[in-house]
Amino acid sequence: MPVSSYAAELLLFYRESAKREVTITLATNTKAIALRARLHNLRREMRREKHIETTLANGVQISVRANKVVGYPADQSYLKAIGAAIAIGAEGETTDDIAIPDPVADKEAIGKADVDNVLNELFNTEEEK
């Protein structure tokens, strides 16, 4: 299925998860597993089509914890240790000073709470609430 067949919100999930941990709560564990599979299928199609955001998606790990889908940067658990072990730059910059390149420069700035609310509302229908 082509990337264009997937909801734009799934791409938003990858964009945000490349920067920080994002959690989507679903009604059941089965639905969480199905969403994880859909996200993996999207990433596979992005690679096949050489989509502009493939690099971001490749840097995201996705797991299911009970009825939650959790996306986070693949190297998240190592960044603090790496930052403590080396000084980046002569001015004493830290890993917090490194900007993650955003291939979609024209998108509007969205707050963390807004993204979490949109993703949770998207994946929770009225009958599940």
Added length on full extension, which subtracts the Cα-Cα distance from 0.36 nm per residue, Asp116 to Ile33: 28.0 nm
Ordering 52-65, 72-85, 8-21 by per-residue average of other C-beta atoms within 10 angstrom, highest first, gives 8-21, 52-65, 72-85
Between Thr23 and Ala8, what is 0.36 nm times their sequence separation minus the Cα-Cα distance? Round to one decimal in nm. 3.7 nm
May I ask you to compute the full-extension gain from Tyr78 to Gln61, defined as 0.36 nm times their residue separation minus their alpha-carbon distance, rounded to one decimal in nm? 4.8 nm
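FYI, it's all coordinate maths here, none of it is from the lab. The shown structure was predicted, so the numbers you read here are calculated from the model rather than taken from an experiment. Using ideal geometry, Cβ is built from the backbone for each residue, glycine included, and neighbour counts are taken over all protein chains shown.
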